[in-house]
Every structure is written in C-alpha cells, then in structure tokens.
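Enquirer: Sharing a structure here in structure tokens format.
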Amino acid sequence: MNNQSIPQAGKKEVKFWAESIAEKTANRESFYYLKEKIPKLKNWVVACKASFAEEKGIELLGELIRSEAVFKALIEKGFNAKFILINDDMAALHGIPKHVKQEFWGHAGKPLHSVPDFFGCHESISLHFAEEFLNYSKNFLSGIPEVFSLSKAYNSGEFLEHALQITKQFEVGKRIISLFQNINLGDSWSPWK
C-alpha cells in the first residue's frame, strides 16, 4: 500500500500535499491570467530561485525540500521532469559581512557574479555560497538540482528571443499585469518608463 494515499472507510482519500500539487498542476487546462489552453507539455520543470550573497539558511533549504517533493511526485506519476535551481547572480550585493577584509567593502551594490570571492576559492562570492549551500543540502535532498546562472544565460543571449516576444505581445503582458495586480494600467502605461 502506498503511504502517500491512504483510503479510509467512508472518507475521502488523503493525499500527500506534494502529490496533490503535482496532480493539480498536471491537470490544469488553462493559464491563470490568460484565457488560453495550456499545451500538452513533454517536459516539466520544477524550479527554485535564490541569490547567494551570504550563507543561506533554513528558508531556502525548506523551499528546496518542498520543490523536490513536487518534482518526485511528478516523476512518480510518470512525467518527464527535472529539478533546477536558478542562481540569481545578477542581484546586487547588499552588504559585506563584518569579518571580511575592508578591501571588499567597495563591492556593495555590484551584481553578485562580479563580486570576488572573499574567501579566495571561487570565481565569485555567489559561486562560493551556492556551492557551500548545495553541499550542505545533500544531507536533506535525495538529489541536487541542476543549477542555472542568470548572468550566464543573460550574457549568452538566451533571453533575447523571449524579450523580443514580450515586446511584440506588449498588450498581452499588460493584461496579465493588470489581472495579477488587480489594477488598470491605463493606455499610456509602458514597462520602458
């Protein structure tokens, strides 16, 4: 008997929360903010995002564990899925830890991918803390997610086609933002202002 779904006499079947999310996602027929059908997907992606400017704590670990649970539920349901972690290394460094040499203090506000590793063992501080966190995460996850760098994707031009598509479908984007934020953006609104 599967421990995730336990039928009880006269009661509704109880499911593991990750299994319910995977099922609800797989069965969804239309987008939340558009009246369009979702095409049948061959590949599914469960993603987390983090910026590694410092040692990460329980919040990110909890997000990874929850995401991995949904990923595993999709796999168990026969879906071709992958589990990824997006390293937001274009986020700005907001502060320098007090124990770090003063020579690094001038890096506050710079994108994380361009801030040198204070410890001297990685190309950037973001890579240092990402590796440290993922090594620690091995104690709690059955597998480590594939890591994607936003700065590498951006610099390679990976987002260019999508950015052009968004500019061509400006009105659709405007409708989605209006629905999501529950506001009327008006005719003169533009994301480029």
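The values are calculated or read from the model by the stated rules, or taken from the named source; none is laboratory data. The shown structure was predicted, so the numbers you read here are calculated from the model rather than taken from an experiment. Using ideal geometry, Cβ is built from the backbone for each residue, glycine included, and neighbour counts are taken over all protein chains shown. Accessible surface areas use protein heavy atoms only, side chains included; no ligands, DNA or RNA. Shrake-Rupley method; radii C 1.70, N 1.55, O 1.52, S 1.80 Å.
Enquirer: For the range 49-94, divide the Cα radius of gyration by the Kirkwood radius and give the resulting Rg/Rh value with two decimals.
Expert: Dividing the radius of gyration by the Kirkwood radius yields 1.10.
Enquirer: A further question follows. With no solvent and one point per C-alpha, what does the Debye sum give as log10 I(q)/I(0) for the chain at q = 0.09, 0.15, 0.16 Å⁻¹?
Expert: Values, matching the q order: -0.51, -1.14, -1.20.
Enquirer: Using a 1.4 Å probe over the heavy atoms of the protein chains, calculate the carbon and sulfur portion of the accessible area of the chain as a whole percent.
Expert: 55
Enquirer: What are the DSSP H helices in the chain that stretch 20 Å or more along their long axis, judged by alpha-carbon atoms, and whose average Kyte-Doolittle hydropathy comes to at least -0.5?
Expert: 58-76
Enquirer: Between residue 190 and residue 80, what is 0.36 nm times their sequence separation minus the Cα-Cα distance? Round to one decimal in nm.
Expert: My answer for the length gained is 35.8 nm.
Enquirer: Alpha carbons only, please: Rg and Dmax for the range 152-193, in angstrom.
Expert: For the range 152-193, the Cα-based Rg and Dmax read 12.6, 35 Å.
Enquirer: Hey, with R₀ at 35 Å, roughly what FRET efficiency would residue 165 and residue 59 work out to, going by the Cβ-Cβ distance, to 0.05?
Expert: Between residue 165 and residue 59 the formula returns 0.60.
Enquirer: Counting heavy atoms of the protein chains only and a 1.4 Å probe, report the per residue accessible area for the range 46-193 as a whole number of Å².
Expert: On a per-residue basis, 64 Å².
Enquirer: I would also like to ask the following. Taking every Cα atom in the range 126-173, find the radius of gyration and the maximum pairwise distance Dmax, and write them in Å.
Expert: 16.4, 46
Enquirer: OK, next. Once you keep just the Cα pairs under 8 angstrom separated by 6 or more residues, what percentage relative contact order results for the chain?
Expert: Reported relative contact order: 18 percent.
Enquirer: With r as the distance between the Cβ atoms of residue 25 and residue 142 and R0 = 22 Å, compute the FRET efficiency 1/(1 + (r/R0)^6) and round to 0.05.
Expert: 0.65
Enquirer: Quickly estimate the mean residue ellipticity at 222 nm for the chain, helices only: each DSSP H run with n ≥ 4 gives -39500 (n - 2.57), and the total goes over all residues, rounded to 500.
Expert: My calculation for the chain gives -11000 deg cm²/dmol from helical runs alone.
Enquirer: Then there's this: Compare 168, 12, 72 in a GNM of the chain, Cα atoms joined below 10 Å, and give the one with the largest fluctuation.
Expert: 12
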